[in-house]
Amino acid sequence: MDRYEIVIGLEVHCQLKTRTKIFSSDPYLYGSPSNTQAGPVTLGLPGVLPVLNQEVLRMAVMAASALDCKISPVTKFDRKHYFYPDLPKGYQISQYDVPYATGGKLAFRKKGDSEDTVIRIHRIHMEEDAGKLLHSQVPGVSKSYVDLNRAGVPLLEIVSEPDLRSAEDAQVYLQTLRNILRFINITDGNMEQGSLRCDANVSIRPFGQSEFGTRVEIKNLNSFKAVRAAIEYEVVRQTEVIDGGGKIIQSTVLWDSDKRVTRLMRTKEDAEDYRYFPDPDLSYFEITNEMIKEFIKNMPELPAAKRDRYVAEFGLPLYDADVLTSQKETALYFEEVEKICGDAKKSSNWVKDEVLGVMNKSDWEPGKFPCSAKDLGNLIQFLNEGKITGKIAKQVFEHMYTENLSPSAVIEKYDYKPVESSDLPAIIESVFKANEETIQSILAGKDRAKGFLVGQVMKATRGQAPPEEVNRMIDAKLAELKK
C-alpha cells in the first residue's frame, strides 16, 4: 500500500431512543414478537397520514449540535423509491436535497498520537427504518419472512466526508461517534441489535492523484471489528484488481464475517434511480433558533469536554481521562466513586485498572459491573483512613464483585481488620528470633535482606499490617542491634 492512498467515507445509521416511531404512535421494543408493532401508518394503509414525532426532531438537533453541524432553518422530507419486501409503502421517507444538518466535524485521537484527527461531517438527515427479512434456517427450505416491527423506527443517517485514510481510522471514528451519541442519550448504540449500523465507502488511488478512485460500498457491518476487517480486506482486493490490469466496478458488497470476504450484492445505484421527490404528506418546516436553544438547553457534557475537565479539575493525566471517558457508563461510575471518597486519582486508578480489568476478563457489558460505585468509593475511603492496607483492599475488592458484598461486610466476614501498632513489636520480635541468620547478614551490610524480614512480618499479619509502620519498626530494631 505504499503506492496507493486509501479513501474511506462512512454512512452511519443511528436508531433513536424514542418511545414511538418517527411518523406514527406505534411503539418499538427490540425483541418483541414479529409484526406486533406495526399499525396502519407503519403498514402504509390507504388514507393514513404521517406526522413527525417532535422527540425525533429534538434528538436530531442534539446530534447536530454535538457534531458542530449547521442546522438548516427550513427542511423537508422526501420519498425514496425502491422495491423490497420489508418496505411496506414501496418507498422510504427520508431527506434528499435539503437535509436538516450539514458541515460538521468529529475529532478523535488514536493511541500514540499527539494531535487530534478531524473528520468532516458532510450531512445528517432523518429517515424511517425499513422492516427486516427473516430467512429460514431449515435445510432445504427456501423461504423468507417479513417482520415489520422495525419499519418506521426513527433513524439519523450521519455521512462523513471521504476524509478517513485507514481501516483503523474508520474504526476509531465510529467508536468516537457512538460514544458521543450515547453520552447525549439519543441511542443505545448497540451494533449487535442493529441500533447502530455502518456502511463503508472504500476506494484507492495512486498517491498524488487528486481524483478519487471508483468506490465500493460495504454493507452488513455489525461490529467495530467487522468495520476494520472488511475495509482491510476490500483495500487488498481492490489493489490486486488494479495491479492485475482490471478496473473497480462501482458496486455494493456484503461483508461475510464467517469467510471474512466481501461478495457482490448489486451494482451501485445513483440517486436518480431512487426517484426522489418531496413527500406531499409532509410539508416544509422550520427549525428556529428558539427551538434549537430549547432542544439543547439540557445537553449532557460531551466526552471531549468531560475529558478536559477531568484533567483540569481533578489533575488526572490525559491518558487516564481518555480511558475514563471512552464509555459513558465508565465516566458516570468514576464520578460517583470520586464523589463518595473525594480522591480523584485513586478513584481513577481503581476504575481504569481494577474495574475495567475485571470487566475485560469477564466480558461484562458496560454498566453491568456487580460492585456498585458507592461500595468502591467506601473501599477507597477505608484504604485512605488506614483501616485496610493496599494488599488487603484488592482482596476485599475481589470478594465484593464475586459475592456482591459491601466492603464492610467482606471485612467482617473474612476478618480483614488492620493489625494494631501495639501488636507489631511482639510479631517483629518473633520474626527476628526465627531468622537470626538473616539478621546477621543485614548487620554485616547486606541491606537487601531486610525485604525478607518485612515480607515475613506481612505474612504473619496476613498483609494487614501498615507497611510503612512495619518498615519503621524493623529499622528501629536493627538500629538497636547495631549499637
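Since every read-out is calculated from the coordinates, none of them should be taken as a lab result. What you see is a predicted model; the values in this text were computed from it and never measured. Using ideal geometry, Cβ is built from the backbone for each residue, glycine included, and neighbour counts are taken over all protein chains shown.
Which of the listed residues, L376, I242, P366, is farthest toward the dipole's positive end in the chain, when Lys, Arg count +1 and Asp, Glu count -1 at the beta-carbon?
My answer, from the dipole projection, is L376.
Pop a pseudo-label 7 angstrom from the Cα along the beta-carbon direction at both S362 and D68 and give the gap in nm to one decimal.
Going by the 7 Å Cα→Cβ label model, 3.9 nm.
Taking the alpha-carbon distance from K143 and a cut-off under 18 Å, which aspartates and glutamates remain once sequence neighbours fewer than 8 residues away in the same chain are dropped?
Straight-distance partners of K143: D86.
With the contact rule set at Cα under 8 Å and sequence spacing of 6 or more, what percent relative contact order holds for the chain? Could the numbers behind the result be given before it?
Details: 807 pairs, mean separation 66.2, N = 483.
Once normalised by length, the contact order is 14 percent.
From the helices alone, meaning DSSP H stretches of at least four residues, give me the mean residue ellipticity at 222 nm for the chain, per-run term -39500 (n - 2.57), in deg cm²/dmol to the nearest 500.
On the way: 17 runs with 187 residues, N = 483.
Dividing the helical sum by the residues of the chain leaves -11500 deg cm²/dmol.
State to the nearest 20 debye the size of the charge dipole of the chain about its Cα centre, where the only charges are +1 on K and R beta carbons and -1 on D and E beta carbons. Spell out each step's value before the answer.
On the way: 64 positive and 71 negative charges, 123 e Å.
Dipole magnitude for the chain comes out near 600 debye.
So if we plug the beta-carbon distance of K482 and D415 into 1/(1 + (r/R0)^6) with R0 = 35 Å, what FRET efficiency do we get, rounded to 0.05?
0.45
Counting pairs of alpha carbon atoms under 8 Å apart in space and at least six apart in sequence, what relative contact order in percent does segment 421-482 give?
Normalised by residue count, the contact order of segment 421-482 is 36 percent.
Please tell me the relative contact order of segment 301-413 in percent, rounded to the nearest whole number, where contacts are Cα pairs under 8 Å and at least six residues apart.
With pairs under 8 Å counted, the relative contact order is 21 percent.
To the nearest 20 debye, what is the magnitude of the charge dipole of segment 421-482 about its Cα centre, counting +1 on the Cβ of each Lys and Arg and -1 on the Cβ of each Asp and Glu?
Values: 9 positive and 9 negative charges, 35 e Å.
In debye, rounded to 20, segment 421-482 gives about 180.
For the chain, list log₁₀ I(q)/I(0) at each q in 0.13 Å⁻¹, using the Debye formula over Cα point scatterers of equal strength and ignoring solvent, two decimals each.
-1.25
Computed from the mean reciprocal separation of all distinct C-alpha pairs, what Kirkwood hydrodynamic radius does segment 155-195 have, in Å?
Computed over segment 155-195, the radius equals 11.3 Å.
If I fit a long axis through the Cα atoms of helix 373-384 and take the longest principal axis of the Cα atoms of the chain, what angle between them do I get, 0 to 90°, rounded to 10?
Orientation of helix 373-384: about 30 degrees from the principal axis.
Mind scanning K328/K361; K391/K413; K132/K368 and naming the pairs with a C-alpha gap bigger than 23 Å?
Exceeds cut-off: K132/K368.
Along Cα→Cβ, 7 Å out, is where each label goes; now give me the distance between the ones at A426 and N471 in nm to one decimal.
Going from the A426 label point to the N471 one covers 2.7 nm.
Could you give the angle, 0 to 90 degrees to the nearest 10, between helix 54-66's Cα long axis and the longest principal axis of the Cα atoms of the chain?
60 degrees
Using Cα atoms only, what is the angle between the long axis of helix 303-314 and the major principal axis of the chain, expressed in degrees (0 to 90) to the nearest 10?
For 303-314 against the chain, the angle is about 20 degrees.
Sort H399, H81 so the one with the fewest other Cβ atoms within 10 Å of its own Cβ comes first.
Taking fewest neighbouring Cβ atoms as first place, the list is H81, H399.
What lysines could a cross-link reach from K259, if we take a straight Cα to Cα line under 22 Å and drop same-chain neighbours fewer than 8 places away?
Result set, ordered by chain and number: K219, K225.
Any chance you could run the full-extension gain for L52 through L264? It's 0.36 nm times the residue separation minus the Cα-Cα distance, nm to one decimal.
72.7 nm
What longest region of the chain stays clear of chymotrypsin sites (Phe, Trp or Tyr not before Pro) that DSSP places outside H, G, I, E and B and that have at most 10 other Cβ atoms within 10 Å?
Excluding the exposed sites themselves, the longest stretch runs over 285-483.
Could you calculate the contour length gain from Y284 to Q440, that is, 0.36 nm times the residue separation minus the distance between their Cα atoms, to one decimal place in nm?
Roughly 46.9 nm would be gained on extension.
Using label points projected 7 Å from each Cα along Cα→Cβ, tell me how many nm separate E272 and S257, to one decimal.
Computed distance between label sites E272 and S257 equals 3.8 nm.
Once amide H atoms are built 1.01 Å from N in the peptide plane, which residues 5 or more positions from I287, or in another chain, come under 5 Å H to H?
Amide H neighbours of I287, under 5 Å, 5+ apart: V74, T75.
Please find the FRET efficiency linking E398 to T36, where r is the Cβ-Cβ separation and R0 is fixed at 41 Å, and quote it to the nearest 0.05.
Between E398 and T36 the formula returns 0.40.
I'd like the distance separating the alpha-carbon centroids of segment 50-85 and segment 378-415, in whole Å.
One Cα centre to the other: 50 Å.
Give the residue from H122, I392, A479 lying farthest towards the positive end of the charge dipole for the chain; charges sit on Cβ (+1 for Lys and Arg, -1 for Asp and Glu) and the dipole is referred to the Cα centre.
A479
Report the gain in length on full extension from S25 to K111: 0.36 nm times residue separation, minus Cα-Cα distance, nm rounded to one decimal.
Length gained between S25 and K111: 26.5 nm.
Compute the FRET efficiency between L134 and K247 as 1/(1 + (r/R0)^6), taking r as their Cβ-Cβ distance and R0 = 30 Å, and round to the nearest 0.05.
Computed FRET efficiency for L134 and K247: 0.20.
Segment 256-303 to segment 144-214: how many Å between their Cα centroids?
Value for the Cα centre distance between the two parts: 11 Å.
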